[in-house]
Structure formats: structure tokens, C-alpha cells
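The next block holds one structure in the form of C-alpha cells; read it before the comments.
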Amino acid sequence: MPRPLSSPLLLAGLLAGAAVAHAAVPKQFDAIVPRSLPGSPRRWTYASGAAELALAAGVAHPRTRKAAAMAAAAFFVGVFPANVKMAADARHRSPALRAVAYGRLPLQLPLVLWARNVSREAVR
């Protein structure tokens, strides 16, 4: 039985769910796009959602799983600045919102490790 942190289909589902969320409620994602990125935040929201959808498809398919899972690990590292912005913006919010924002920061590491494990266990 696969361990949760090595399940490729669960990782693909997480990525696909995040992609749908980016399309369904883009405003909440727009708010965490770092200001230093050029262009409109909405463009980055949709681009990251499209990337998550492509990564989900790649991780789900055995032939592309290894490369897609490594790309997902890199993606999780790449979106970390958005989580930092979310935490910084939450400094003056309610304790519950601060807890959610701060709690997201350490969750990136397990996501990176999960994607790396999926890549390592992929059969070529």
C-alpha cells in the first residue's frame, strides 16, 4: 500500500483541486501575488492555476510522472513567496487568519518532499 507522501494520484488530485480553485475564486489568489511580479495579479493567478493543471495531468500519467513530479516540487518552491506575502499581509488581521497564513509557510516543505518522493518512485 503506498504511503500518502508517495501517492501520485493524491498529489495529482491536490494540484487539480488547486487549479480549479484558482479559476473559481481568483480574487483570493490575486491578493497573494507578490507586488514585485510584473503585470496584473490576475494573470499570475490564472497562469499558476494552468501550471497546476498541467502538473496534475503530468503526475497522473505514468509516462510523464517522474518529470512532472520534479516540476511540481520546483513549482511548490516557486510559489513560496506568495505564502510569505500572505503571512506578511495577515500581521494585522484576526488571530484565526494569522494562524492560517502562518500555518501555510511550513506546509510547503512537505509538499516539496511529497513531489520529490513521487518522482523518485516513478517507474521509467
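The values are calculated or read from the model by the stated rules, or taken from the named source; none is laboratory data. Since the structure is predicted, the reported quantities are computational estimates derived from the model, not experimental observations. Glycine also receives a Cβ, built like all others from the backbone with ideal geometry; neighbour counts cover every protein chain displayed.
Here is how the numbers come out for the structure above:
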read-out	value
Filtered residues of region 41-65 (kept if buried (at least 19 other Cβ atoms within 10 Å of the Cβ) and of a type in the set (Val, Ile, Thr))	45, 59
Pairs where the first residue, in region 88-111, is on the phi < 0 side of the Ramachandran plot and in contact (Cβ under 8 Å) with a residue 12 or more places away in the chain and the second is among the β-branched types (Val, Ile, Thr) and part of a helix (DSSP H, G or I), C-beta under 8 Å, 6+ apart	90/100; 105/84; 108/77
Filter result (part of a helix (DSSP H, G or I) and touching a residue at least 60 places away in the same chain (Cβ under 8 Å)) within region 112-124	113, 114, 115, 117, 118, 121
Residues (among the hydroxyl-bearing types (Ser, Thr, Tyr) and closer than 16 Å to residue 12 by Cβ) located in region 90-124	119
Test: residue in region 22-40 that is surrounded by 17 or more Cβ atoms within 10 Å (Cβ to Cβ) and either of a type in the set (Ser, Thr, Tyr) or not in a helix (DSSP H, G or I) (or both)	yes
Long-range neighbours under 7 Å by Cβ, at least six apart or interchain, first residue at positive phi within region 43-59, second polar (S, T, N, Q)	none
Top-ranked residue of region 57-97 - restricted to ones that are basic (Lys, Arg) and closer than 22 Å to residue 41 by Cβ, ranked as modelled with the highest pLDDT	85
